[in-house]
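Notes follow once the structure below has been shown.
Nothing in this text is a laboratory measurement; each read-out follows from the coordinates by a stated rule. Computed from a predicted model, the values in this text were never measured in an experiment. Don't worry about glycine lacking a Cβ; one is built from the backbone with ideal geometry, like all the others, and counts go over all protein chains shown.
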Number of protein chains: 2
Amino acid sequence: MPYYIGDVIKDYKRLVIRTPEDFEKTGVHVKIKTRVEDIDPQKGLVRLSDQSSLSYDILVMATGAAAQRLIIPGADMEGVFVLRNLTDALAIKSYLNEKACRKAVLIGAGYIGMEMCEALRNLGIETTVLDILPRPVIRWDAEFSKLVLEELGKNSVPFLAETKPLAIEKGKETRLVLKTDKGNLDADLILMGVGTRRDMTLVKAAGIEVGASGAIKVDDRQRTSVPEIYAVGDCCEVFHKVANRWIYFPLGDIANKQGRVAGQNIGGTPAVFPGIVGAQSFKVFNLEVGATGLTEEEATLHGFQPVSSLIWGLPIGRPMAKGEKLGLKLVADKASGKLLGGQCIGEKGAIQRIFALSVALWSKLNIEEVGYLDLPYAPPFGGAWDAIHICAQELARKL
Amino acid sequence: MPYYIGDVIKDYKRLVIRTPEDFEKTGVHVKIKTRVEDIDPQKGLVRLSDQSSLSYDILVMATGAAAQRLIIPGADMEGVFVLRNLTDALAIKSYLNEKACRKAVLIGAGYIGMEMCEALRNLGIETTVLDILPRPVIRWDAEFSKLVLEELGKNSVPFLAETKPLAIEKGKETRLVLKTDKGNLDADLILMGVGTRRDMTLVKAAGIEVGASGAIKVDDRQRTSVPEIYAVGDCCEVFHKVANRWIYFPLGDIANKQGRVAGQNIGGTPAVFPGIVGAQSFKVFNLEVGATGLTEEEATLHGFQPVSSLIWGLPIGRPMAKGEKLGLKLVADKASGKLLGGQCIGEKGAIQRIFALSVALWSKLNIEEVGYLDLPYAPPFGGAWDAIHICAQELARKL
């Protein structure tokens, strides 16, 4: 008899299952606001915070990851948020509506920072982004960060580089003030988008093996080191096909796939999760930004000899282009000639290229082949030589 | 000493090489408005229409294909056009400007018909498309043709199905009248977009082998059956990686790649053209339409056992979607489980999917893998389960 232990989000209108009762109707028993205090794999038993315990034949760890909060004074004040799940989003929305917010500060210029600055600007809120690092979206090439920076500028979002938050206090003009090593920032709302953390206490106590990344080790069927215990999603590792090793890469689409694979295996239809190539994307105002595979730094760490090319091309055919830029960077391995990674940025067509490059990485294509890929050419969607071909051919000449 | 024989387009402003003299500066001798009457491979000689002849060490056949004109009375009247090259395009543009055209009829509902009806409507010209076939863009699934038909309707372009042009005559209200088996159509301009034809007389006389498709047979270095004679572009065949055979597939991006490969081989840097997967696309008003690989009919012809799924999904994440449709059809082989083809249509994101599927076909992925591809998920660009995953998983269940 399946059990679900955790919180059930009641406010998500599209979900058919909205309440514990809805869940029960599906034959799944639900215990909300209940913690698992201890797992006993020998007895097949979980002990719960309500003093009861549950026996299991199969246990699935789907504990995810939590959004990190900076440990600075005032980090828990009203108006200071993280954004991880729907509950967080709804809390932010209510706060914005109720408190007539005029100014927001986003700590961290990663995905959350980029996506939220657009959302907040669209609501007419003065928004500032800061980061302890020298540039936004640090995983991307510095040339691409520069374009993101320009896009922030065009949309009146100041970016404060190498700025360290020190404390949050009550404000005068605004509800809050963020004190940093570069001065004070007024804010009605402060959002921390500074990564995730996982609590592995329960996992380790149960004797479930944790990988080098600090997340739960699983095999390609999502089984942990402990028989009858599976793990899926942001609490576990995933196999990176390009790096050829297990890493931590917590993204929602990966979690979905892992859940399906675990479910199939538990249900008796053996299934294997083939792994990932590290595809990711975000939109910030009018820019599409995507990456897949390994960066040069990551490739070096994983023992490759990365060589790269970066070109500025056109997202559509030259006769139709109106000044749109498309930046594309490819990384290949000098030893094997294989494509290792790609990054793309532009007002249009960037994600289109990352879609293709992700499949090229999946299939372990070499860079010569990438230079001759048959892509669906028509002027509204690219040139007869696509940016992918041009960049790959330039890179092939460097190998 | 390289020679170029043929017409040089003088009106293309972006070309650095605009005149025979420009060409000469690059060290290439040019003979324009000159026909090759005969090729003598034994002597390495081409005889020209100006009575002179030229000797060669290497000969490249880049004779392309010509646009077909229907053989009906009046097909050569002023105001009746085909659209193959820039000269055609400029002639159409001049005619439209000078003759104050109000009405156009497009014969043929393939690429040319679809792209030109958009261009003509944008100029405010009343435009009708007709075809002898029952629906537009016949290579696409009937459900997708229906969406194209709706798009034509939204843009006030009537489509006349199963209509046979019989003759073109001088008109009264308009410059011309097209007589068909379904009645007469007034038109100031008539455009025939009914495919291409090739004249193989010269080729056959020279003893150059012609493939089953009727185009010049080449190997993967673009060499013909005759030593020192290469062929590239719309006059020759190309290797289709999915069909695993040489076929005729005349598209501009393929011609570009073949030219590069031939040039490298001639220049002493051996290069191989890896082939194509049949990727193609066009835009008609607000619809992106793409296809790659084989249709079910083609797959059957080539000895596969095609199984297909067609889904209507979303081009972007559900919470961001505003009613945009995305149609995706995948074809796989029952015997091998391999992906054989894909078609996609929608207001946005259709070509993005065809980019990815083209690389999947290139890499001979099976449909199970396609169902788990790692694609760059973010709500502005797709769902956590992309339409590709959903369609591939549905199809995998049918195998």
*From other protein chains only, count the Cβ atoms within 10 Å of every residue's Cβ in B:244-254, then give the mean.*
2
*asked:* If packing is taken as the average count of other Cβ atoms within 10 Å, what order do B:45-54, B:276-285 fall into, highest mean first?
replied: B:276-285, B:45-54
*What size of dipole, in debye to the nearest 20, comes out for segment B:329-399 about its Cα centre when the only charges are +1 on Lys and Arg C-beta atoms and -1 on Asp and Glu C-beta atoms?*
220
*Choose one answer from A:I138, A:I168, A:I216: the residue with the largest mean-square fluctuation in a GNM of chain A with alpha-carbon springs under 10 Å.*
A:I138
_For a quick check, take a GNM of chain A with Cα springs below 10 Å and name the residue from A:A350, A:A332, A:A62 with the largest mean-square fluctuation._
A:A62
*Restricting things to alpha carbons, find the Rg to Rh ratio for segment B:149-189 using the Kirkwood radius for Rh.*
1.04
_For the protein assembly as shown, size of Cβ-based charge dipole, Lys and Arg +1, Asp and Glu -1, in debye_ = 540
*Run down the aspartates and glutamates and flag those whose C-alpha is under 17 Å from the C-alpha of B:K257, throwing out any fewer than 8 positions away in its chain.*
A:E368, A:E369, A:D374, A:D386, A:E394, B:D219, B:D220, B:D234, B:E237
*Pop the C-beta distance of B:E173 and A:A142 into the FRET formula with R0 = 60 Å and round what comes out to the nearest 0.05.*
0.40
*Using only the Cα atoms of the protein assembly as shown, what do you get for the radius of gyration and for Dmax, in Å?*
30.5, 103
_FRET efficiency estimate (nearest 0.05) - Cβ-Cβ, B:E297 to B:L202, R0 35 angstrom_ = 0.60
*asked:* Given axes a ≥ b ≥ c from the Cα gyration tensor, I'd like to know whether segment A:88-177 is rounded (a/c under 1.5), prolate (a/b larger than b/c) or oblate.
replied: prolate
*How about segment B:111-207: which GluC sites (Glu not before Pro) there are in a DSSP loop, with at most 14 other Cβ atoms within 10 Å of their Cβ?*
B:E162, B:E173
*Which one of B:I138, B:A206, B:G79 is farthest out on the positive end of the charge dipole of segment B:73-220, using unit charges on Cβ (Lys, Arg +1; Asp, Glu -1) and the Cα centre as origin?*
B:G79
*At B:G27, with labels set 7 Å past Cα in the Cβ direction, how many nm apart are the copies from this one, shortest first?*
7.7
*Residues in segment A:252-289 near a label at A:D220, defined as backbone nitrogen under 12 Å from the 7 Å Cα→Cβ point?*
A:271-276
*Fewest Cβ neighbours within 10 Å first, please rank B:L357, B:L166, A:L328, B:L147 accordingly.*
B:L166, B:L147, A:L328, B:L357
_Average beta-carbon neighbours from other chains, 10 Å sphere, peptide B:272-284_ = 4
*Antiparallel DSSP beta bridges within chain A, as percent of all bridges there, nearest 5*: 70
_At 7 Å along Cα-to-Cβ for each site, give me the label-to-label distance between B:E37 and A:S52 in nm._
10.0
*In the structure shown, do any of A:K217/A:K348; B:K146/B:K398; B:K179/B:K217; A:K146/B:K364; A:K322/B:K25; B:K283/B:K322 have a Cα-Cα gap over 28 Å, and if so which?*
A:K217/A:K348; B:K179/B:K217; A:K146/B:K364; A:K322/B:K25
*If the label for A:G267 sits 7 angstrom from Cα along the Cα-to-Cβ line, what are its distances to the same label in every other copy, in nm to one decimal, shortest first?*
5.6
*Would you work out which of B:P2, B:L301, B:I351 lies farthest towards the positive end of the dipole of chain B, given +1 charges on the beta-carbon of Lys and Arg and -1 on that of Asp and Glu, about the Cα centre?*
B:I351
*Given +1 on the Cβ of Lys and Arg, -1 on the Cβ of Asp and Glu, and no further charges, what dipole in debye does segment B:208-308 carry about its Cα centre, rounded to the nearest 20?*
260
*Taking segment A:229-355 as the region of interest, what is the percent of Cα-Cα pairs per 5 angstrom bin, listed from the shortest bin to the one with the maximum distance?*
2, 11, 16, 17, 16, 14, 11, 7, 4, 2, 1, 0
*Bridge type composition, segment B:28-178 - antiparallel percent by DSSP, nearest 5*: 60
*What fraction of the DSSP beta bridges in segment B:171-308 is antiparallel, stated in percent and rounded to the nearest 5?*
90
*Averaged over peptide A:362-374, how many Cβ atoms belonging to another chain are found within 10 Å of each residue's Cβ?*
6
_Ranking request for peptides A:335-346, A:249-260, A:67-78: highest mean number of other beta-carbon atoms within 10 Å first, then the rest in descending order._
A:335-346, A:249-260, A:67-78
*In deg cm²/dmol, rounded to 500, what helix-only [θ] at 222 nm does the protein assembly as shown give when every DSSP H run of at least 4 residues adds -39500 (n - 2.57) and the total is split over its residues?*
-7500 deg cm²/dmol
